[in-house]
Amino acid sequence: MTRAEEISTRLAEVRAQIPKDTKLIVVTKTFPISDVEILYGLGVRDFAENRDAEGAEKSAALPDDAIWHFQGAIQSNKLKSIVNWCDYIHSLDSLEHARKISQLAQQLNKTVNCFIQVNLDRLAENEKPSNRSGVNPTDLEGFVSGISGLAGIEVVGVMGVGPLNEPPGPAFDLLRKCSAQIQSTFPRARSISAGMSNDYLTALKHGATHIRLGSSILGTR
Ligand SMILES: *Cc1c(COP(=O)(O)O)cnc(C)c1O
């Protein structure tokens, strides 16, 4: 089997399992540009990267109608570049970063679509705060009021990563609650980015609108 056939088969398997209105984002981090081009040829337009340099390089190599998502930990000194190449940031969890994105977006005369990343681990870890990324659900209200009114940022929804060693269903339910909560400030922010290769079917059952899949389509990294 060629690489293109392999990717095509896996992509078809995933597409057969998800509702038509689900946004499938293929996570191409660590995979070569040739794989991204194969995906593009198969009709994929949404690609996600975790690192600035890799995203900048791949986005420059693909046609303009490809849509680029940044979902990694944000480093402040990389934001200028990230805002330049990406259309969506899934990993916004700091007001300082939000203010900087707002400034940079205005300079570039563009709007950056942002998901607020929520830390879903508290639930799994018995209410103990964890050090994984994301705004703690209890801090969400303050975060939302801090971010509202920032020009150049369109809040489109919430993003979460399922807990490591727990069934993900309850965590995704929490994310859905967070989604409802932010909609009282941002009525159009109805998107829920949740679900990776190992838990996307559960995420879809619990309200995900966007899934981010890497290994189930491209193989192990
Ligand atoms: C790597 C990554 C994914 C994709 O993970 P797979 O298990 O390869 O599907 C999705 N979301 C985030 C935030 C990631 O870092």
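Here, each number is a calculation from the coordinates, and none is a lab measurement. The shown structure was predicted, so the numbers you read here are calculated from the model rather than taken from an experiment. Glycine also receives a Cβ, built like all others from the backbone with ideal geometry; neighbour counts cover every protein chain displayed.
Sorted ascending by nearby beta carbons within 10 Å, beginning with the fewest, 173, 65, 52 become 65, 173, 52. Highest GNM mean-square fluctuation, the chain, Cα pairs closer than 10 Å: which of 44, 155, 112? Highest fluctuation among the options: 44. In plain terms, the residue of 82, 33, 153 with the fewest other Cβ atoms within 10 Å comes first and the most crowded comes last, giving 33, 153, 82. Residues whose amide H falls under 5 Å from that of residue 67, counting only those 5 or more places apart or on a different chain, are 46, 47, with hydrogens built in the peptide plane. Remark: spin-label model distance residue 100-residue 198 equals 3.0 nm, labels positioned 7 Å along the Cα→Cβ axis.
Across the chain, the mean sequence separation of Cα contacts (distance under 8 Å, 6 or more residues apart), normalised by length, yields a relative contact order of 19 percent. Rounded to the nearest Hz, the phi-derived 3J(HN,Hα) couplings of the range 156-164 under the Karplus curve 6.51 cos²θ - 1.76 cosθ + 1.60 (θ = phi - 60°) are 9, x, 10, 10, x, 10, x, x, 6, where x marks glycine and proline.
Computed over Cα pairs, the Kirkwood radius of the range 1-70 leads via Stokes-Einstein (0.692 mPa s, 37 °C) to a diffusion coefficient of 262 µm² per second. What relative contact order, as a whole-number percentage, does the range 37-89 give when Cα pairs under 8 Å and 6 or more residues apart are counted? In percent, rounded to a whole number, it is 39. Here the contact order of the range 1-110, divided by its residue count and restricted to Cα pairs under 8 Å and six or more residues apart, works out to 19 percent. Does the range 1-130 classify as rounded, prolate or oblate by the C-alpha gyration tensor (a ≥ b ≥ c root eigenvalues; a/c under 1.5 gives rounded; else a/b over b/c gives prolate, otherwise oblate)? Cα axes put the range 1-130 in the oblate bin. The phi-based Karplus calculation (6.51 cos²θ - 1.76 cosθ + 1.60; θ = phi - 60°) puts the 3J(HN,Hα) values of the range 42-49 at 8, x, 6, 10, 9, 10, 10, 10 Hz, whole numbers, x for Gly and Pro. Near the amide H of residue 27, within less than 5 Å, lie the amide hydrogens of 48, 213, 214, all on another chain or at least 5 residues away, with H placed in the peptide plane.
When only alpha carbons are used to place a centre, the range 33-69 and the range 159-221 end up 22 Å from one another.
Extending 7 Å from the Cα toward the beta-carbon at both residue 220 and residue 132 defines two label points whose distance is 2.1 nm. Working note: 222 nm ellipticity from helices only, DSSP H runs with n ≥ 4, each -39,500 (n - 2.57), summed and divided by the residues of the chain, gives -11500 deg cm²/dmol to the nearest 500.
Phi angles across the range 28-40 convert, under the Karplus curve 6.51 cos²θ - 1.76 cosθ + 1.60 with θ = phi - 60°, into 3J(HN,Hα) values of 9, 3, 6, 8, x, 4, 4, 5, 5, 5, 4, 4, 4 Hz, Gly and Pro given as x. With q set to 0.08, 0.16, 0.17 Å⁻¹, the log10 of I(q)/I(0) for the chain, from the Debye formula over equal scatterers at the Cα positions, is -0.27, -1.11, -1.24. Length gained on full extension, residue 2 to residue 73: 22.2 nm, using 0.36 nm per residue less the C-alpha separation.
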